[in-house]
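In what follows, a single structure is set out as structure tokens and then discussed.
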Amino acid sequence: MNVLLEKWDTPFGLPPFPAIRDEDFGPAFDEALARARAAISAIAEGPAQDFAGVIEALELAEADLDRVAGVFYNLAGADSTEAREALMRELAPKMSAFSSEVTNNKALFAKIEALWQGREALGLTAEQLRVLELYRRMFVRSGAALEGAAAERLTAVKARLAVLGTQFGQNLLADERAWHMELAEADLAALPGFVQDAARAAGAEKGLGPVVTLNRSLIVPFLQFSPNRGLRETAYEAWAARGANGGETDNRAIAAEILALRAERAGLLGYADFAAFKLEPEMAKTPAAVRDLLNRVWEPARAKALADAAVLEAMLRADGFAGPLEPWDWRYYSEKRRKAEHDLDEAALKPYLGLEAMLGAMFDCASRLFGLEFREIAGPFYHPDVRGWEVTRQGSHVAVFLGDYFARGSKRSGAWCSAMRSQRKLGGEVRPIVVNVCNFAKGEPCLLSYDDARTLFHEFGHALHQMLSDVTYGFISGTSVARDFVELPSQLYEHWLEVPAVLEAHARHHETGEPMPADMLKRLLDAATYDQGFATVEFVASAMVDLEFHTGAPPADPMQRQAEVLESLGMPRAIRMRHATPHFSHVFSGDGYSAGYYSYMWSEVMDADAFAAFEEAGDPFHPEVAARLERFILSAGGSEEAEALYLKFRGRMPGVEALLKGRGLLDAA
């Protein structure tokens, strides 16, 4: 027997990680796919015509496949090996072909369509009706209604897109692994101690002395603190060039092919362009609505950024450089300005923001809001760095939460939340196994920047969405919601890091245990909107390029189109897109955020307003507001349209003013 397909006699049904070998995955996928095909064929060809025999049977048909994939894809992203990368490339077209087989099954679609047309006589619950609606929508949007050559071409397009998305991500990881810059002793000595420690740890992993790598948690503080302008330029340009270095790992031609195929996919399904197709089921609905939001934020953000750039360029000139201010200068002079204007020094802040302290803060907020308790459990997990907790409430098991926090060469960049197992009640109560992955620079102890701490809280907001899910059907469980709604719980949870009482209780010096001094805490919170012109411009520029890539005809040369969009926006010289096209993995390593990178900002309009509900109640932990948040947002999954859920929680929809106020841009609007 293959361990991946056996019943796991482990605590909480966790995967038996030590017993799983890379060579187990291929055969496990083959067998799980065969079982899924047999189950789906039985549904399509069998006599069942009712909701239970069709939809509920479909919900359970891929149980083995879900279990194998839940383990594999988590490991492939967080702890890659050559064997796992090779299998990802092999699986991409295979999994796409399976998906197309299911949605192209005419007998199966006929049964789903018959249920939908006769839905009023079925006596379905509201949740069942929603699940039926979403299954039908998935089939239609996947091409179930297409015939002949069009259906065959759509299958081929989706298979090729799956291959290209995998290749894009692996090329990016290869570029990130390949580059490092060794630091001379004098250059190392000019950096704060926590950056020195991170550089030494990164070098040790490579068998070298101290180095700068392209990991965000190392390169950003290097750019903030290194006084050596030449080294900053070298490091920044390497970071910006990921995916565009020529050779086998260059992503530019891949991006162009992806955009062309997406446009063709949308055309086959009868849409004007890919943005129109992708946005139809989202809250925004149309490219025009997204463009309106981004434009309303762009102008005040750009005005603020240009004013800030003038101040930073004056500092650059005062240091004896002729100028102009360049992208590798911004973070260095912005950090100096923050220290001068707000008396905030990140090197002085970080000892109070240790990973252990911030985990304590994160868990404490969840306990006070939702009554959750966290008990650390022993591994072994899939990597020695991974830690685990059992999550309970009033003695009842809620979930298992895994945290994988440190950067390493086998892990793709960024931070994310995923589920090895999602919540459902159909077929017996299934509780989730949720994973948060980050890329913090490893240290003894690990000290976080304030931005790192926000990332920690952000990903845990996603985790709460998974852990508190309370639905019958896995199809609508947890984060299975509109893309521009999925970031609401994560971005909302960041607000509790800004609650003074939370930092007063948990931001304690890692050596002395002393709380963060009151004046430092005040300065930190007062500077919450510092440099938001820069942050907003680099984000909105990326979101606008993504939107324009997918609106109208696809560009033959995405880099030229990127340049045209940025020029039309009046992009400030010293700021670049947060994610340039060749390393824009949100958009090109799969379909998740394609034509959807704006969704972080769409959700931010709601998260600012949602936290205001607690402020209006006079208590950031107000029990009635927290209960509404859990009932209508965190536990509801995709059981209703996102707008309906938000209206039930808040009673109204917010305007963009809440976002501008939260970013300190209202005066510039």
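The values are calculated or read from the model by the stated rules, or taken from the named source; none is laboratory data. Remember, it's a predicted structure, so these values are computed and weren't measured experimentally. Backbone-built Cβ (ideal geometry, glycine too); neighbour counts: all protein chains shown.
One residue alone among 285, 304, 278 is modelled with pLDDT of 95 or more, at positive phi and either buried (at least 20 other Cβ atoms within 10 Å of the Cβ) or not hydroxyl-bearing (Ser, Thr, Tyr) (or both), and that residue is 285. Contact map, segment 568-584: residues that are within 19 Å of residue 232 (Cα to Cα) paired with residues that are among the acidic types (Asp, Glu) and part of a loop (DSSP other than H, G, I, E, B), Cβ distance under 9 Å, separation 6+ or inter-chain. Pairs shown: 573/326; 574/326. Every listed requirement among (1) at pLDDT 95 or above; (2) out of contact with any helix residue (DSSP H, G or I) (no Cβ under 6 Å at 6 or more places or on another chain) is met by residue 596 save one, (2). Residue pairs whose Cβ atoms lie under 8 Å apart, separated by 6 or more positions or on different chains, with the first residue in segment 620-646 and on the phi > 0 side of the Ramachandran plot and the second hydrophobic (A, V, I, L, M, F, W, C), are 637/471; 637/476; 637/481. Of the residues making up segment 8-24, those that are in a loop (DSSP other than H, G, I, E, B) and either among the charged types (D, E, K, R) or over 26 Å from the mean Cα position of the chain (by Cα) (or both) are 8, 9, 10, 16, 20, 21. Number of residues in segment 142-193 that are within 24 Å of residue 240 (Cβ to Cβ) and in a helix (DSSP H, G or I) equals 17.
Residues in segment 499-522 that are under 28 Å from residue 304 (Cα atoms) and surrounded by fewer than 17 Cβ atoms within 10 Å (Cβ to Cβ): 500, 519, 522.
Within segment 374-398, the set of residues being part of a strand (DSSP E or B) and surrounded by fewer than 15 Cβ atoms within 10 Å (Cβ to Cβ) comprises 375, 376, 396, 397. A single member of 361, 357, 348, 366 is more than 28 Å from the chain's Cα centre (by Cα), touching a residue at least 60 places away in the same chain (Cβ under 8 Å) and assigned to a helix (DSSP H, G or I), and it is 348. Could you list, in sequence order, all residues of segment 402-444 that are among the small types (Gly, Ala, Ser) and either outside any strand (DSSP E or B) or assigned by TED's automatic domain parsing to the domain that holds residue 210 (or both)? The answer is 407, 409, 410, 413, 414, 415, 422, 427, 428, 441, 443. Scanning segment 511-529 for residues that are over 29 Å from the mean Cα position of the chain (by Cα) and within 21 Å of residue 446 (Cβ to Cβ) turns up 511, 512, 513, 514, 515, 516, 520. If the condition is being under 21 Å from residue 92 (Cα atoms) and either without any contact (Cβ under 8 Å) to a residue 60 or more places away in the chain or buried (at least 19 other Cβ atoms within 10 Å of the Cβ) (or both), then segment 133-156 contributes 138, 139, 142, 143, 144, 151, 152, 154, 155, 156.
Would you confirm whether any residue within segment 333-346 is more than 30 Å from residue 514 (Cβ to Cβ) and either among the hydroxyl-bearing types (Ser, Thr, Tyr) or in the same structural domain as residue 194 (by TED's automatic domain parsing) (or both)? Yes, that holds for at least one residue. Taking the conditions (1) at pLDDT below 95; (2) surrounded by 15 or more Cβ atoms within 10 Å (Cβ to Cβ) in turn, residue 206 satisfies each one other than (2). Taking (1) surrounded by fewer than 19 Cβ atoms within 10 Å (Cβ to Cβ); (2) in a helix (DSSP H, G or I); (3) touching a residue at least 40 places away in the same chain (Cβ under 8 Å) in turn, residue 312 satisfies each apart from (1). Exactly one residue out of 37, 89 is in contact (Cβ under 8 Å) with a residue 40 or more places away in the chain, of a type in the set (Lys, Arg), more than 25 Å from residue 589 (Cα to Cα) and not in a loop (DSSP other than H, G, I, E, B), and it is 37. Screening residue 200 with (1) of a type in the set (Lys, Arg); (2) buried (at least 22 other Cβ atoms within 10 Å of the Cβ); (3) touching a Gly at 6+ places or on another chain (Cβ under 8 Å) gives one miss only, at (2). The condition of being modelled with pLDDT of 95 or more and within 23 Å of the chain's Cα centre (by Cα) does not hold for residue 553. Would you say residue 565 is assigned to a helix (DSSP H, G or I), touching a helix residue (DSSP H, G or I) at 6+ places or on another chain (Cβ under 7 Å) and under 21 Å from residue 298 (Cβ atoms)? In short, yes.
Listed conditions (1) assigned to a loop (DSSP other than H, G, I, E, B); (2) of a type outside the set (Ser, Thr, Tyr); (3) crowded, with 18+ Cβ neighbours inside 10 Å; (4) not assigned by TED's automatic domain parsing to the domain that holds residue 536 are all met by residue 655, apart from (3).
Summed over segment 211-250, the residues that are buried (at least 22 other Cβ atoms within 10 Å of the Cβ), among the small types (Gly, Ala, Ser) and more than 27 Å from residue 165 (Cβ to Cβ) give a count of 2. For segment 91-114, the set of residues classified as buried (at least 20 other Cβ atoms within 10 Å of the Cβ), of a type in the set (A, V, I, L, M) and closer than 27 Å to residue 471 by Cα consists of 102, 108, 112, listed by residue number.
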